[in-house]
Amino acid sequence: MLRLAWRNVWRNRRRSLINAASMAFGLAAIMFGQSLMRSLQSQLVEKSTGSITGQIQIQDPRVEQMKMPDRFIKDPAPIAAAVARDPRVLAGAGRITLTSLISTPQTSVGVLVVAVDPAVQERITDMSRYVSSGRYLSGGKDLYLGDKLARRLDLRLGEKAVIMAQAADGSLGADVFRLVGTFHTASESFDNSIAYVPLPAFQALLGRPGQINNYVLKLKDLDQVDAVRDSLESALKGRPVRVLTWKDIDHEILGVEQFQDAILDVVLVVVFAIVALGILNTQLMSLFERVREFGVLMSIGARPRWILRLILTESALLGAVGVAAGTAVGAALIWHFGRAGLPLPVGQAFSYFLPFPSVIYLRPSWGAHAFACAAVFAIALLSALPPALRAARLKPAEALRHV
Amino acid sequence: MSKPAHAPLVEVRDVEKIYPGGTKVAAVRGVSFSVARGEFTALAGPSGSGKSTLLNVIGTLDRPTKGEVLFEGAPVSRLGADQLADFRLRALGFVFQAYNLVPVLTAVENVEYPLVLQGAGYAERRREALEALRRVGLDKEADRLPDRLSGGQQQRVAVARAIVHRPALVLADEPTANLDSKTGAALLELMEELNREAGVTFLFSSHDPAVLSRARRVVRLADGALAGEETRDA
């Protein structure tokens, strides 16, 4: 049967090639779309977690605004110990993020101060890569600002600014920091409103030596966030902390992901419908052309079910050719744009909120691609079912009379 | 199906076939006759006399509106679709006016198809198919596709396909109608030879006197009804 089915597929070579090509390009388009969305989402998550959120944060459970933790952890040592024991963690460090006031002789501006351990922080976020003048933090009372913020403050490298924030005792803590560098991320909110300082100096300013308000982690594999969160939750059970993943903190990015997934689903349904109609059309035309032949096969003893299987096998073979070609084309596109990058103006769309490049580097999403391949193949089979059932119900004598 | 002793190979009992539609047409009306094993019988009659319809009913490709067809004494007309397919595969061979070979299969692949449906292994079915092609004188053309064969060669392949599984009865509907007289005569010679030497029972239809003259028995139809019968000595 396989031989007959295979030759039947190619008896109208042009039609089968057009059909297989439509399946292939449909599948390739689906794979490309899946990869583009997943890559965009991954880059978005990597940029967001790599810029400020971190992949996992450990906070006081009473914190109300997860992005601006207003509760402090007085003893982060057990957290550091638990994190150090987990081999899936690439790096982890305590930090303080706090809205504060920064003043120069010319002006005062409200900013988000991010106080970090400069050495470890470089492994957790990318901020040290965005230096536009001077250098990144090293210690002491270094100040590292967004270039736009520096301009607003009229502050130049080497000049001093005062940072003021509410101290632990309720008083106004203040200290002088020296601008050692500026960064440019192209993100309006980053470049205009964030100031980085070394953690010990800021802890001293707040009168909170050794204290932090969030502990930030970067993992070796981003996909492990939920598993690591679970492990850390059980390791820190009984302590007054909670473990959050970026999904808990960055609701907006999760929302963007869900929106993109919904669009992708609509596109997939349209592409699947086009593929299904193409195969249905081919099989119906093929059926009408071969009614007499089915009559001959029935007359020499083919059961109706055998005819059904023959047509489904033909569709399966055509589907396999389309899926194989589509996988090859889709994989080639993903490979090419994974290396060369795909310039898309999405950076501008996201850059107000976080640093985001306008080049997307495609990466395969094999689970989603496998689903698409299986779906296209299943559609090839299912769309052949109506004509196959129709052929199986033919009466031999009527089929033989068919012209 | 049990085989009553000395039952004819095929028995047609009062068969009627009416095609439904606005004006109901009785293509076959109350026909009864039988065919014994080893016969070389022709169904004769002008176009529209019901020959093809009767052959289709005997070949279980169509069901009679009334009456019954018995094969070796057992009724077959009312069997289910799968049982009928199995019956045709086991007991019948068909030769059609328009050859009706599968165009994407070579001559030998066409011939071996009934054996494929029977589940025979590759070596066995290829051996049997080549033997059937040898019998019809086309073993040298085994690997040709139908469109590379002449009409006469295609009909010989069709005959080989009809006999490859050694059926009890071969039904041939106007087998020479699309062939020139010389090729048609050669095909009839081949059928006679298979009947004489291999004992294949043939029931074929024709309106051509030259073809009918080769039959040892002629059952005549007119307007769907039996119009007479002639038997010639072998």
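Computed values, structure above
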| quantity | calculated |
| --- | --- |
| Residue within segment A:21-41 that is β-branched (Val, Ile, Thr), touching a Leu at 6+ places or on another chain (Cβ under 7 Å) and closer than 22 Å to A:ALA93 by Cα present | no |
| Selection from segment B:48-75 of residues that are away from chain A (no Cβ under 14 Å) and on the phi < 0 side of the Ramachandran plot | B:SER49, B:LYS66, B:GLU68, B:LEU70, B:PHE71, B:ALA74, B:PRO75 |
| Residues within segment A:95-135 that are charged (D, E, K, R) and in a helix (DSSP H, G or I), tallied | 3 |
| Meets criteria (at the interface with chain A (Cβ under 9 Å from one of its Cβ atoms) and buried (at least 21 other Cβ atoms within 10 Å of the Cβ)) for B:PRO114 | yes |
| Condition check for B:ARG166: out of contact with any helix residue (DSSP H, G or I) (no Cβ under 7 Å at 6 or more places or on another chain) and within 21 Å of B:ASN56 (Cα to Cα) | yes |
| Matching residues, segment B:211-230, being farther than 24 Å from B:GLY30 by Cα and touching a helix residue (DSSP H, G or I) at 6+ places or on another chain (Cβ under 7 Å) | B:VAL211, B:ARG214 |
| Looking only at segment A:293-305, and only at residues there that are at the interface with chain B (Cβ under 7 Å from one of its Cβ atoms) and touching a residue at least 24 places away in the same chain (Cβ under 8 Å), the one that is surrounded by the fewest Cβ atoms within 10 Å (Cβ to Cβ) | A:PRO304 |
| Where B:ASN100 falls short, out of the listed (1) at pLDDT 90 or above; (2) surrounded by 15 or more Cβ atoms within 10 Å (Cβ to Cβ); (3) within 11 Å of chain A (Cβ to nearest Cβ) | (1) |
| Members of segment B:109-153 that are more than 20 Å from B:ALA186 (Cα to Cα), touching a Lys or Arg at 6+ places or on another chain (Cβ under 9 Å) and in contact (Cβ under 8 Å) with a residue 40 or more places away in the chain | B:ASN110, B:GLU112, B:TYR113, B:PRO114, B:LEU115, B:GLN118 |
| Of residues in segment A:1-17 being more than 7 Å from every other protein chain (Cβ to nearest Cβ) and among the basic types (Lys, Arg), the one surrounded by the most Cβ atoms within 10 Å (Cβ to Cβ) | A:ARG15 |
| Subset of segment B:120-141 that is of a type in the set (Gly, Ala, Ser) and within 22 Å of the chain's Cα centre (by Cα) - its residue that is farthest from the other protein chains (Cβ to nearest Cβ) | B:GLY137 |
| Condition check for A:ASP169: assigned to a strand (DSSP E or B) and farther than 20 Å from A:VAL131 by Cβ | no |
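The values are calculated or read from the model by the stated rules, or taken from the named source; none is laboratory data. Quantities reported herein were computed from a predicted structural model and do not represent experimental measurements. Virtual Cβ from ideal backbone geometry, glycine too; neighbours counted across all protein chains shown.
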